1. Evaluate the following for B:SER293: is it at the interface with chain A (Cβ under 9 Å from one of its Cβ atoms), more than 14 Å from B:LEU273 (Cα to Cα), assigned to a loop (DSSP other than H, G, I, E, B) and of a type in the set (S, T, N, Q)?
2. Checking A:LYS82 against (1) closer than 30 Å to A:ILE123 by Cβ; (2) surrounded by fewer than 20 Cβ atoms within 10 Å (Cβ to Cβ): exactly one of these is not met. Which one?
3. Which is closer than 28 Å to B:HIS347 by Cβ and within 9 Å of chain B (Cβ to nearest Cβ), of A:ILE409, A:ILE402, A:ILE418?
4. What's the number of the only condition in (1) outside any loop (DSSP other than H, G, I, E, B); (2) closer than 21 Å to B:VAL357 by Cα; (3) without any contact (Cβ under 8 Å) to a residue 60 or more places away in the chain that B:VAL197 fails to meet?
5. Are there helices (runs of 4 or more DSSP H) fully within the stretch A:294-396 with at least 1 residues that are of a type in the set (Val, Ile, Thr), closer than 25 Å to B:LEU100 by Cβ and in contact with a helix residue (DSSP H, G or I) (Cβ under 6 Å, 6 or more places away or on another chain)? List them.
6. Name the single residue that is farthest from the other protein chains (Cβ to nearest Cβ) among those in the stretch A:314-359 being touching a Phe, Trp or Tyr at 6+ places or on another chain (Cβ under 6 Å) and within 30 Å of B:HIS166 (Cα to Cα).
7. Which members of the stretch B:79-97 meet the condition of being part of a helix (DSSP H, G or I) and either at positive phi or away from chain A (no Cβ under 12 Å) (or both)?
8. Quick check on my filter: what residues within the stretch B:202-212 are free of Cβ contacts under 8 Å to residues at least 24 places away in the same chain and charged (D, E, K, R)?
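The values are calculated or read from the model by the stated rules, or taken from the named source; none is laboratory data. Everything numeric in this text was worked out from a predicted model, so none of it was measured. Ideal geometry is used to build each Cβ from the backbone, glycine not excepted, and the neighbour counts take in all protein chains shown.
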Amino acid sequence: MSTITLNDTHNNDHHDGHDHGHHKQSFITKYVFSQDHKMIAKQFLITGIVMAVIAMGLSILFRIQLAWPDKSFPFLETFLGKWAEGGRIKPDFYLALVTIHGTIMVFFVLTAGLSGTFSNLLIPLQLGVRDMASPFMNMLSYWFFFTACVIMMASFFIETGPASAGWTVYPPLSALPKAIPGSGLGMTLWLASMFIFVASQLMGGINYVSTVLNMRTKGMDLWKMPLTIWAFFLTAILGILSFPVLVAGVVLLIFDRSFGTSFYLSDIVMGTQVLPNQGGSPILWQHLFWFLGHPEVYIVIMPALGISSEVISVNSRKPIFGYHAMVYSLIGITILSFIVWGHHMFVTGMNPLLGGVFMITTLIIAVPSAVKTFNYLATLWRGNIRFTPAMLCAIGMVSFFISGGLTGIFLGNASLDINLHDTYFVVAHFHLVMGSAAIFGMLAGVYHWYPKMFGRMMNAKLGYLHFWVTFICAYLVFFPLHFLGLDGVPRRYYAFTEFEFMQKWVTVNIFVTWSAIVAALAQVAFLFNFFYSIFFGKKATQNPWEANTLEWTTPVEHIHGNWPGEIPTVYRWPYDYSKPGAEEDYIPQTVPYSQTMSSNMPHDFEGNAESERIQREWDAKNNPDKADVHFH
Amino acid sequence: MSLRKFISNKTIAALAVIVTVFANTSAFAQEAAAGAATAAVAKPVDMFPIYKSIAFYAMLFLLLCLFIAIVGKAMRVYELTREAQEKSAGINWDTVNGVLFVLFLIVGLYGVYFEYTVHGHMILPDAASEHGQKIDQMFNITLILTTIVFIGTHIVLFSFSYFYKHSGKRKAYYYPHNNALERIWTIVPALVLTVLVLMGFLTWRSIFFKIEDPNHKPLSIEITSQQFAWTIRYPGADGVVGLKNYKLITGVNALGMDFKDKNNLDDQTADELVIPVNKPVRLILTSKDVLHSFYMPHFRIQLNTVPGMTSYFEFTPTITTADMQTKVNDPAFKFLFYCSKICGSGHYNMQKVVRVVSQAEYDAWVIKQPKIINNDLRKAFNLPIVPEAAAPAASAPADSTAKPAKDSAAVAMNKPALKK
């Protein structure tokens, strides 16, 4: 009998098939208000996928507008009504599309969908924990997130339309309904949604951190944790420290909008109407927003990096190169990400001296990122690479991380940023490094842990198709956009029709739009694969990828509490792949060194003299060559 | 054999569906054409409404899905037959993907070359300002460095993917760490970045921390943004842009200039930004309503305009518009400045022309620009009214001494306060 605490008190009739105190659950407690981390992970994932599809749809709408600004598309009017009268999207609504696309993608897909899903799934499973530290709070975290999504989507169904001041909602534009219709009720909903979303993230984050710190199984010290867990752990810390600042900013903005304060407003005249606000500064919002906003991009990318580390290691059949360096670079990124927010504000009129300082810190953060990249490459070197769809996505992730990261060196340089700020170069940069790279990390995670989540396999061939089309199209979409930026084309332009020099980019826009449409259609392959395989996929085996980590020691069939009987003990780090002397090319973390005498290495014992003596004796008896090499 | 039969049945069924779909689309096309082609008989079928109909694309997509499904099934059958015949697995997907990565690398490298050469030639011409040349130089250095890393790491990434693809005969090389290597690829990027940071920092300082030369004072020009328009204000003969206060903004006093300040009396407005070449210009940037961004890319200038805060950008243009026209071989070429910070529905069309001219041309031009002050404003600020005849800017400077002429006030009322 296990010692798990079950939170399910509604049903007391015991399920006969199990002997670990498993209760029969009603539909509501099992699928809706579930407190089981695996179910919550699935809820996060499916909500994230739904939101991603919506946000992708929005992007296709505005891509159509950009490619064919003069043509009318009757179907747009069918869907959008007065926002696309005569089949042409209106400028206000175009901005709303851009805003909501960004908000959904950054917050709901890449923050909640990514770290919500995989932190919930993997932290307990890879650390040998029955469930999260606080399952109830975990459930609340999901339902707050869900509410935030509903509120955000509700803004499409109001008279004045959704928020349309860009996803960064800079006041005064976002504070004054007179400036743009979207800053009316739509903006109020946006702020309410963000407020609830942050609450959700905090509950999730506190749970992740306390679970990681307190509940690891026997033997699982911090340096035996898989890199995924390190990434989720540090991401959660980042979130806990930075999200409250956004809430502070949001509350002040709500006050400015609804209660007549002047935190962000001063010296404003709308038309000829002089507003009474005095003494505020729009720059304050930018500081508060980017104090979250910049860590936020690392909140998005770090889980993707963690997932890729795990997937690349498993599928190269090699230990991740430089495990410690990987952890230290994650820690470095975590710390540095708090002091680089000013690089979003080089040309806002912020004191130029500050700009110089932020440039230095920004370019320093490129160093740990470079270390990670080189370590991935070194992991692939002389590996035995199995191209599962997850592995393909992880390699794609590394590629996007390099491409997008390098353009960051331009933007992080304050002098170069003068001319690149708010142009398509920025759009191209962050869609590669934080959009595509993070999405590919997320897809790698979905493909890799799908058997763990649903007990079935996804179809690999559809996965290949999905990967290749998406990978190629993502480059086709975002690579040319750099050059628009270098030509001085600003982002968030409704149409390129008013400028002579932008005419030459219209053909590029058409090409980009078609690529985006093809990429969007390729997602149908993924969606079909995902939902079809839940019900009809091939049944998964317990450890389909032959991986070392603990989650693959749980039964395929989900049980509340994860392990029937005792929680496994951990003896070794998670990356003993293709260890010389071992029979298999992987040694799970639960295998003690006493069972792998033929493959043990001196540094495995971390200076434990007794173990080293035993190993030496064993080697002398069974493997004299090795004894000579390692122990003199 | 029954499997074969099954697949052939399926194929036949699929073919039937394809035929039906094609029949439908062509019937659809004919219908649309019949509607359009009432006048001409031999007119080609107008496909445009069809290209715009969702049904057309939905069907195309379904067709594609069907095709993929058939290919998928065929592969499955092939693999099953191989399995049944106890031969090695049909398709080695590791090889396929490895080869695809190499192909992607080769095609991708060509794509990058194409982008750099074709789209790379469509970007902004060389900077037309002193600091812009420094920025361009640094851009080029950064571009070369990052391109080397970009190409190098991608060659490594994709060729490793190809060379180390799975093989049953081989075991991966257990290589958990190498501190020397780690040190190298920490220190080398750190050094390169240090160089870039230092260069960037010095350039940044040289742009924003200028030492004022008393003999060579910059020309001050104030730019005010408001939703979807810019107002340009020249300092007039005194070279000083006068004080303003947003609370003074009215229908006639669009900028809220305080005419109690003498410096305002000779301020002029203009419809385009005309600046003399090789003379320092100091832009004074302000905003009336929301955030905008003053973006003048040919000169590598961008700075947000913030309500409640004045920001400054000093630069020296080095190329005249005429020279640039010959340089880029386009007689219609114009320098522009426009808005690059989201500011509302008209954000995409908020531009003004910039003209860089010789000092002589500038002097001749600036004298013709109208003064902002007019009799309505004089009245509002209790200043003596000037007869209309004396109002044109070309007349005597400092018109505060002109005698009040109440009878001409009615005429002056009709004069617009500001040229937009």
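1. The answer is no for B:SER293.
2. Among (1) closer than 30 Å to A:ILE123 by Cβ; (2) surrounded by fewer than 20 Cβ atoms within 10 Å (Cβ to Cβ), the lone unmet condition for A:LYS82 is (1).
3. That would be A:ILE418, the only listed residue that is closer than 28 Å to B:HIS347 by Cβ and within 9 Å of chain B (Cβ to nearest Cβ).
4. For B:VAL197, the exception is condition (2).
5. Here the list reads A:366-380.
6. A:LEU330
7. B:LEU80, B:THR81, B:ARG82, B:GLU83, B:ALA84
8. B:ARG205, B:GLU212, listed by residue number.
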